[in-house]
Amino acid sequence: MGAGHAHRLYRHGHSPVHALPPHTKLAAVFAFVVVVVSTPREAMWAFALYAVLLGVVAYAARIPAGFLLKRLLIEVPFVAFAVLMPFVAEGERIDVLGMSLSVNGLWGAWNVLAKGTLGVAASVILASTTELRELLLGLQRLKLPPLLVQIASFMIRYGDVITDEMRRMKIARESRGFEARGVRQWGVLAKSAGALFIRSYERGERVHLAMVSRGYAGSMPVIDEVTASRTQWTYAMALPFSALVACLLGWTL
């Protein structure tokens, strides 16, 4: 997979959650999200329990609440969509603070907010306790198609390369007195975007030739063999199993 590097979401630590093999955490988060999505929206107590479970995991991982809440801001577009649902949905309506709101829209907004927030929180905890290289190894261990794993690996590495290239181009523009103040500067920015695309394409070709010259034949070598014991699987699956119990109770009660 090549040398790993930390990403912005990752928080270095030595907690029990950090120590779990990456494929066990990936499987646990996927199962947890499936359970959350399958929970009836009327079972509000179940969603509260899911939030408590995630809070326990975050506490075990020693992730500060501020760190977690700050990264939940990525959910803002979904929140905006949910806020509009009670106003635009059809069906029975009720008056709330002088506003006519749809009952189905209110339930839909709650459904989106609750399940979306829990899913994003689980993903943030996963990213905060697992390095990118470990995530790729975990996906490989879970038998994800090798081509998809390679694409994800290249995206991560080239993302950093392109970001650095954009930063250098920005410094070059600013050193020549350029400032993006209005529509008149859009032409320069469009040319910069085109130049960035060409540079990225050429960089990709050079990297591909370098890899082929070193024996690359369509698959990346596996450097580390990631394994997990039965105890580690038990710890990892405790979260989705507890959530599954709550989900089943939500459907039966």
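The values are calculated or read from the model by the stated rules, or taken from the named source; none is laboratory data. None of the values given here were measured: they were computed from a predicted structure. Note: ideal-geometry Cβ built from the backbone for every residue, glycine included; neighbour counts use all protein chains shown. Accessible surface is based on the protein model in full, side chains and every heavy atom, while ligands, DNA and RNA are left aside. Shrake-Rupley method; radii C 1.70, N 1.55, O 1.52, S 1.80 Å.
Give me the residue from region 37-73 that is β-branched (Val, Ile, Thr) and closer than 24 Å to THR130 by Cα and, out of that set, surrounded by the most Cβ atoms within 10 Å (Cβ to Cβ). Don't jump to the end; show me each part of the working.
Kept after step one, since they are β-branched (Val, Ile, Thr), are these residues of region 37-73: 37, 39, 52, 56-57, 63.
Now restrict to residues that are closer than 24 Å to THR130 by Cα: 37, 52, 56-57, 63.
Numbers: VAL37: 13, VAL52: 11, VAL56: 13, VAL57: 24, ILE63: 21.
Among those that are β-branched (Val, Ile, Thr) and closer than 24 Å to THR130 by Cα, it is VAL57.
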Single unsatisfied condition, SER242 versus (1) surrounded by 12 or more Cβ atoms within 10 Å (Cβ to Cβ); (2) more than 30 Å from TYR50 (Cα to Cα); (3) of a type in the set (S, T, N, Q); (4) at pLDDT 85 or above: (2)
Filtered residue count, region 12-25, keeping only those that are under 21 Å from LEU244 (Cα atoms) and open to solvent by 30 Å² or more (accessible area, probe 1.4 Å): 0
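Helices (runs of 4 or more DSSP H) wholly in region 74-186 with at least 3 residues that are surrounded by 18 or more Cβ atoms within 10 Å (Cβ to Cβ) and either more than 25 Å from the chain's Cα centre (by Cα) or of a type in the set (Val, Ile, Thr) (or both) - which ones?
Working: elements: 76-88, 103-129, 132-141, 146-175.
The helices (runs of 4 or more DSSP H) meeting that bar are 103-129.
In region 2-11, which residue that is aliphatic (A, V, I, L, M) and at pLDDT below 60 is most open to solvent (accessible area, probe 1.4 Å)? First the steps, then the outcome.
Initially, region 2-11 is screened for residues aliphatic (A, V, I, L, M), giving 3, 6, 9.
Imposing the further condition that a residue be at pLDDT below 60 reduces the set to 3, 6.
Details: ALA3: 85, ALA6: 69 Å².
Of everything passing the filter in region 2-11, ALA3 is most open to solvent (accessible area, probe 1.4 Å).
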Scan of region 8-39 for residues that are among the aliphatic types (A, V, I, L, M) and not in a helix (DSSP H, G or I), ordered by number: LEU9, LEU20
Tally, over region 129-145, of residues that are touching a helix residue (DSSP H, G or I) at 6+ places or on another chain (Cβ under 7 Å) and not β-branched (Val, Ile, Thr): 10
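Mind checking whether some residue in region 50-61 is in a helix (DSSP H, G or I) and within 30 Å of PHE154 (Cα to Cα)? Reasoning before the result, please.
Here is the first cut: in region 50-61, the residues in a helix (DSSP H, G or I) are 50-60.
Right, trim to within 30 Å of PHE154 (Cα to Cα) and you get 58.
The answer is yes, given that some residue of region 50-61 is in a helix (DSSP H, G or I) and within 30 Å of PHE154 (Cα to Cα).
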Test for GLU42: is it acidic (Asp, Glu) and assigned to a helix (DSSP H, G or I): no
Residue count, region 68-78 (criterion: farther than 19 Å from VAL29 by Cα and modelled with pLDDT of 85 or more): 2
Filter pass, SER15 being more than 18 Å from GLN232 (Cβ to Cβ) and either polar (S, T, N, Q) or in contact with an Asp or Glu (Cβ under 9 Å, 6 or more places away or on another chain) (or both): no
Close pairs (7 angstrom Cβ cut-off, 6 or more residues apart or separate chains): touching a residue at least 12 places away in the same chain (Cβ under 8 Å) in region 236-253, not in a helix (DSSP H, G or I) anywhere: ALA236/LEU20; CYS247/THR39; GLY250/THR39; GLY250/PRO40; GLY250/ALA43; TRP251/PRO40
Checklist (1) within 26 Å of LEU53 (Cβ to Cβ); (2) surrounded by 14 or more Cβ atoms within 10 Å (Cβ to Cβ); (3) modelled with pLDDT of 85 or more applied to VAL226, failing item: (3)
